[in-house]
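Below is one structure; the comments refer to it alone.
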Amino acid sequence: MRDLTKNRLERSKNFLEASKILLENNFFKDFINRSYYSIFTAVRALLAENEIALKKHSAVISFFRQHYIKTRIFDVKFSDYIGKAFIMRNDCDYGDFIFVSREEAETQYNQAVEFYEAVKNFLEGGDL
């Protein structure tokens with residue numbers, strides 16, 4: 001695994017750990033941001049492994065869907081996870097009157113954990 005890939009995977013894990021702290025302390029809108037960035041940075045680890053440099057969130061998501069979902073390397077549910085997390089992150093970061101329930105936050109946390117673990121296992125050569 002390349003150094004940049006390892007760095008991004010570690011950052012993804014750190015975002016996930018930070019999101020858990022926010023979730024446990026009922027900061028649900030802030031949690032959404034950190035959990036999304038865990039997922040997003042995990043995908044950026046995949047890009048680093050492929051020596052692909054993309055900055056726009058939409059481009060990163062599109063690359064993931066094209067090269068990892070359509071090819072069935074990852075289950076289609078992971079496309080849904082990143083898509084929903086992206087929308088929720090935008091809503092929470094830029095919307096004034098957005099409410100996030102504990103249930104929504106817990107669902108996204110579980111999906112972020114599953115996403116991180118799937119990418120980590122793939123990059124380490126394990127099973128998805």
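Observations on the model:
- In the condition set (1) more than 11 Å from the chain's Cα centre (by Cα); (2) crowded, with 18+ Cβ neighbours inside 10 Å; (3) under 19 Å from LEU9 (Cα atoms), ILE61 is compliant with all but (1).
- Residue identified as free of Cβ contacts under 8 Å to residues at least 12 places away in the same chain and touching a helix residue (DSSP H, G or I) at 6+ places or on another chain (Cβ under 8 Å) among ILE52, ILE87, ILE98: ILE52
- Test for LEU9: is it within 16 Å of the chain's Cα centre (by Cα) and closer than 28 Å to GLY125 by Cβ: yes
- Counted residues, the range 92-106 - those being open to solvent by 70 Å² or more (accessible area, probe 1.4 Å) and part of a helix (DSSP H, G or I): 5
- Candidate set from the range 40-67 (those that are part of a loop (DSSP other than H, G, I, E, B) and among the charged types (D, E, K, R)); member that is farthest from LEU123 (Cα to Cα): LYS56
- Residue in the range 68-91 that is in a helix (DSSP H, G or I) and within 15 Å of LEU123 (Cα to Cα) present: yes
- Filter result for the condition that a residue is under 27 Å from VAL76 (Cβ atoms), open to solvent by 10 Å² or more (accessible area, probe 1.4 Å) and without any contact (Cβ under 8 Å) to a residue 24 or more places away in the chain, over ARG8, ARG34, ARG44: ARG34
The values are calculated or read from the model by the stated rules, or taken from the named source; none is laboratory data. Please read these numbers as outputs of a predicted model, since none were measured by experiment. Cβ: placed from backbone, ideal geometry, glycine included. Neighbour counts: every protein chain shown. In case anyone asks, the SASA skips ligands and DNA or RNA and just uses the protein heavy atoms, side chains included. Shrake-Rupley method; radii C 1.70, N 1.55, O 1.52, S 1.80 Å.
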